[in-house]
Amino acid sequence: MSAHTESRFSADVYGRRLERAAALTRAAHLDALLITPGPDLRYLIGSRAQSFERLTCLVIPASGETASVVIPKLELAGLGGSAAGELGLQVLDWTDGVDPYRVVKSVVNAGARVAVAESMPALHLLPIADSLTALPVSATPVLRQLRMTKDAAEIDALRRAGAAIDRVHARMGEWLRAGRTEADIAADIAAAIVEEGHTGAEFVIVGSGPNGADPHHEVSQRVVEAGDIVVIDIGGPVEPGYFSDSTRTYALGEPDAEIAERVAVLAAAQAAAVAAVRPGITAEAVDAAARNPLAEAGFGDVFIHRTGHGIGLSVHEEPYIVAGNDLVLEPGMAFSVEPGIYFGGEWGARIEDIVIVTEDGGEAVNHRPHGLTVL
């Protein structure tokens, strides 16, 4: 089990992120970035603050001046776990009866060009816009550049997350057997996810038999039967909040030869896509590397979703590995490679690794066997 228990990175990591955020905000011809609680705030200062009706907001000036945190006084204790103190951020606390949007205005000039995270609740967005007499724009172009390319500390966390979820897959024979319900199997897997180093189980998919043909099936009371093909898609966060996500497909007993052959084609397609990952290639080219072999084998119509999604402090984030995305991959980007084939009413299969773009290729952080695992 991983011994890493720190709830955030060192303050210098967040200091560099704030500097880059200010530089990107300037480059976007904006005056300030306003960030409310969520993954973006956690990324920037290590805060796990939650969003309530009382405003908490990080204000990052494009000028490079000290950032400010507008926060209710009764939430100050929660800020203590973040890097705000070590970073010397200006803390502007307020109490009930004070207009927090005027507090924001005290550090952002009226009419300023500000950008906000798309997850900012309208409860706060509208009063901020009214107070600043300017409609904020989306901060996604800035935040995308910040979060999409992982730094060394994040890559280490993703590797630890990958190793932790691999340990869970390695134990699948303890729980996955005929005569048990998907729900009971999932409960045991969720407990093991925590045992193996995660802080929780974010999702557990146990898709047995015909349920495996639904890519987003979770669990049910279906009793797993001998001969079933079972899709197990699991993941959760490891400190300081970075997610694992790995899928393997299992057979309860020796599978039908045709099923085994089809899963072998899928495994080869997944391996081809992982091998295609390198700097300079586009996201859609990685998708094509998985999709084309499946289409050539006659399975194009049963591969019904994108090849992958970015991962980090969120399970799904940019970049998305999908047709039409001409984003050029860069070192530090991290995403899933997870083609699947789904035969409605019968069975399905999916194979998924998290892959990090390196200086000269790609590094998968998951290493369990990729073919059909017979239990």
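Quick one: plug the Kirkwood hydrodynamic radius of region 332-375 (C-alpha pairs) into Stokes-Einstein at 37 °C, 0.692 mPa s, and report D in µm²/s.
Values: Rh = 12.2 Å.
This corresponds to a translational diffusion coefficient of 269 µm²/s.
Hey, could you get me the Stokes-Einstein D for region 1-92, Kirkwood radius over alpha-carbon pairs, 20 °C and 1.002 mPa s, rounded to whole µm² s⁻¹?
Details: Rh = 13.5 Å.
Here the translational diffusion coefficient equals 159 µm²/s.
What are the extents of the Cα atoms of region 291-346 along their three principal axes, in Å, largest first?
36, 22, 15
Can you give me the relative contact order of the chain as a percent, contacts being Cα pairs under 8 Å and 6 or more apart?
Values: 855 pairs, mean separation 55.3, N = 375.
So the answer I get is 15 percent.
Where nothing but the Cβ of Lys and Arg (+1) and of Asp and Glu (-1) is charged, how large is the charge dipole of the chain around its Cα centre, in debye to the nearest 20? Mind dumping the intermediate values first?
On the way: 29 positive and 51 negative charges, 206 e Å.
Here the size comes out at about 980 debye.
Counting C-alpha atoms alone, how compact is region 116-192: give Rg to one decimal and Dmax as a whole number, in angstrom.
Answer for region 116-192, Rg first and Dmax second: 21.7, 63 Å.
Taking the Cα centre as origin and putting +1 on Lys and Arg beta-carbons and -1 on Asp and Glu beta-carbons, what dipole magnitude results for region 116-215, to the nearest 20 debye? Display every interim value, and only then the final one.
On the way: 9 positive and 14 negative charges, 47 e Å.
Value, rounded to 20: 220 debye.
Which of the helices in the chain meet the span-like rule: DSSP H, Cα axial reach of 18 Å or more, Kyte-Doolittle mean at least 0.5? Mind dumping the intermediate values first?
Values: long enough: 11-27 (24 Å, -0.39); 152-170 (27 Å, 0.11); 182-195 (20 Å, 1.04); 257-276 (29 Å, 1.29); 283-296 (20 Å, -0.09).
Span-like helices in the chain: 182-195, 257-276.
Any idea what the alpha-carbon Rg over 2.2 N^0.38 Å comes to for region 216-375?
On the way: Rg = 15.6 Å, N = 160, 2.2 N^0.38 = 15.1 Å.
For region 216-375, the normalised Cα radius of gyration is 1.03.
Taking region 243-326, how much of its Cα-Cα pair set, in percent, is spaced more than 21 angstrom apart?
On the way: 1256 of 3486 pairs.
Tail of the P(r) past 21 Å holds 36 percent of the pairs.
I'm a student and want to see the number: the projected area of the Cα convex hull of region 48-107, averaged over all directions, in nm². Don't skip to the end; give the middle numbers.
Working: hull surface 16.4 nm².
The Cα convex hull of region 48-107, projected and averaged over all directions, gives 4.1 nm².
Quote the charge dipole size of region 159-226 about the Cα centre in Debye, to the nearest 20; the model charges only the Cβ of Lys and Arg (+1) and of Asp and Glu (-1). Present the calculation step by step, with values, prior to reporting the outcome.
On the way: 7 positive and 11 negative charges, 42 e Å.
Around 200 debye, computed over region 159-226.
In deg cm²/dmol and to the nearest 500, what is the mean residue ellipticity at 222 nm of the chain if only DSSP H runs of at least 4 residues count, each as -39500 (n - 2.57), divided by the residue total? Before the final figure, lay out the partial values.
On the way: 11 runs with 125 residues, N = 375.
Roughly -10000 deg cm²/dmol at 222 nm, from the helical runs in the chain.
Determine how many Å³ per residue the convex hull of the Cα atoms of the chain encloses.
Numbers: hull volume 53.0 nm³, N = 375.
In the chain, the Cα convex hull volume per residue is 141 Å³.
Considering the dipole of the chain built from charges on the beta carbon (Lys and Arg +1, Asp and Glu -1) around the Cα centre, which of Asn211, Val355, Pro293 is farthest to its positive end?
The residue sitting most towards the positive pole is Val355.
Which net charge results for the neighbourhood of Ala226, defined as the other residues with beta-carbon distances under 14 angstrom from its beta-carbon, given Lys and Arg at +1 and Asp and Glu at -1? Provide the component values of the computation, followed by the final result.
On the way: positive: Arg177, Arg180, Arg222; negative: Glu225, Asp228, Glu254, Asp256.
Summing Lys and Arg as +1 and Asp and Glu as -1 gives -1.
Could you please report the charge total around Ala28, scoring K, R as +1 and D, E as -1 over all other residues with beta-carbon less than 14 angstrom from its beta-carbon?
Working: positive: Arg20, Arg26, Arg113, Arg144; negative: Asp31.
Neighbour charge sum, excluding Ala28 itself: +3.
Keeping the other protein chains in place, figure out the carbon and sulfur percent of the accessible area of the chain, with a 1.4 Å probe. Provide the component values of the computation, followed by the final result.
Numbers: 7870 of 15230 Å².
Solvent-exposed carbon and sulfur of the chain make up 52 percent of the total.
For a bin width of 5 Å, list the pair-distance distribution of region 263-305 built from all Cα-Cα distances, rounded to whole %.
Result, from short to long distances: 6, 25, 34, 21, 10, 4, 0 percent.
The values are calculated or read from the model by the stated rules, or taken from the named source; none is laboratory data. Keep in mind it's a predicted model, so treat the numbers as computed, not measured. FYI the Cβ positions are ideal-geometry reconstructions off the backbone, even for glycines, and counts take in every protein chain you see. When the accessible area is computed, the model is the full protein with side chains, heavy atoms only, and any ligands, DNA or RNA have been set aside. Shrake-Rupley method; radii C 1.70, N 1.55, O 1.52, S 1.80 Å.
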